[in-house]
1. Could you order peptides 314-327, 249-262 by the average number of other Cβ atoms within 10 Å of their residues, highest first?
2. Taking 2.2 N^0.38 Å as the expected size of a compact globular protein, what ratio does the Cα radius of gyration of region 11-155 give against it, to two decimals?
3. By how many degrees, between 0 and 90 and to the nearest 10, does the Cα long axis of helix 222-234 differ from the longest principal axis of the chain?
4. How would you order 85-91, 157-163 from highest to lowest mean count of nearby Cβ atoms within 10 Å?
5. Short version: ³J(HN,Hα) in whole Hz for each residue of region 125-137, in order, from phi by Karplus 6.51 cos²θ - 1.76 cosθ + 1.60 (θ = phi - 60°), x for Gly and Pro, what are they?
6. Kindly flag which residue pairs out of Lys242/Lys262; Lys130/Lys242; Lys243/Lys341; Lys282/Lys341 have an alpha-carbon separation exceeding 21 Å in this structure.
7. Over all Cα pairs of region 101-239, how is the pair count split among 10 Å bins, expressed in % and running from 0 up to the last occupied bin?
8. Could you sort the peptides 130-137, 30-37 by per-residue average Cβ neighbour count (10 Å cutoff), highest mean leading?
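Nothing in this text is a laboratory measurement; each read-out follows from the coordinates by a stated rule. These numbers come from a predicted model, not from an experiment. Cβ: placed from backbone, ideal geometry, glycine included. Neighbour counts: every protein chain shown.
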Amino acid sequence: MVVSILIGVWACAAQGEVVVSDGTRHTGDIELPVVRLFVPALAREVRVDPRDIVLLRTWVEHEALIRAWTFAEEGSPEKIALDENYPLRNYATELFLRDGQVLRGRVVAVSFVVAAEDEDLTFVLRAAHKGAPGQAIEDLAYVREIRMGTPPPEAALARVAGRAPGVEHLYLVRAEGGGAFAAPVGADGTFARDDMLPGTYRAVLQARRAVAAGLPGGVTRDAVRGEILRAAEGFREFFEEKKVLALAGNEVVWAFVGLARKGGTSAGQRTYLRYELWRMEKRTPRWEIRERLYLWREILPQGAAVAWPAVTVVAELSAIEVEAPLTAPALGAGLAALAGKGGSE
């Protein structure tokens, strides 16, 4: 593989289109500097001439709400947890080059300008994005694509669509680098999600108080289960209650976790429930959360009893291959599991 190594940070202006995660599109002359990308496959950083780029694409590799904190006083190392969270996202980027090469990695933050018809717009490419306390994860808009030519066929995105009768929520979790994507389900049971990266996904289906989760790794041994439960209790959280609802795997463990805060927040005195997937690994001598994926949340009246859903691990949902242009995932095993728990019609 040959990659141009460039010295300096100069910008190249080329006609193109920028697609933002909030759905907006901006067309004009894109003044893009040299793109610096750390490529794990090469174990080094490369600098790419913007004139060589046909398509730059970014996706969410990991996202979480982190509890905000402050120092007890100036000069003190003591930290005080605050009753607010801030959103944090990590991104991965891939570059499709005119010579057919594809580079994947993490971009070094850089700003660029789009000279649109009415005004100049400034955007930022980044590998991580930290929001302000009180913001939601969805508030962090990012540059999803920069198109400066005709993308090659292998850059095509996929549409995932099908039927899931009785299912209320359907999520697709990217196995190759995280990211949980909701596929809205209609009243008639049909669902669809556009602009999905091809690859392997895990599916999570939710209906009423039942969940079918595609967690990989097989049955968790009793000894490992005990260690995970003890580790989860020790994690300090904004949420007062943590409930491990399902586990899979042993060397690497996937946990389906419910979180509850019953004491209210700055948004009001209500009970907040949140559901996440945790990927955990044992880093001597304890288990650590290596990846944390937000799925959905519920808000209950203050004082309402928390009824956790019954979660069933369904191996058939743990390796769904998404291919362009259209994929209709096989969800039969998951739907059967929901029916067995009284969660689907």
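1. Values: 314-327: 16.9, 249-262: 19.4.
With the highest mean Cβ count within 10 Å placed first, the list reads 249-262, 314-327.
2. The reported ratio for this selection is 1.22.
3. 80
4. Details: 85-91: 19.7, 157-163: 16.7.
With the highest mean Cβ count within 10 Å placed first, the list reads 85-91, 157-163.
5. Once rounded to whole Hz, the list reads 8, 8, 9, 8, 9, 10, x, 8, x, x, 6, 8, 4.
6. Working: Lys242/Lys262 12 Å; Lys130/Lys242 24 Å; Lys243/Lys341 19 Å; Lys282/Lys341 32 Å.
Where the Cα-Cα span goes over 21 Å, the pairs concerned are Lys130/Lys242; Lys282/Lys341.
7. Cα pair-distance distribution for region 101-239, in percent: 8, 23, 33, 25, 9, 2, 0.
8. Numbers: 130-137: 14.4, 30-37: 21.8.
Sorting 130-137, 30-37 by mean packing, highest first, produces 30-37, 130-137.
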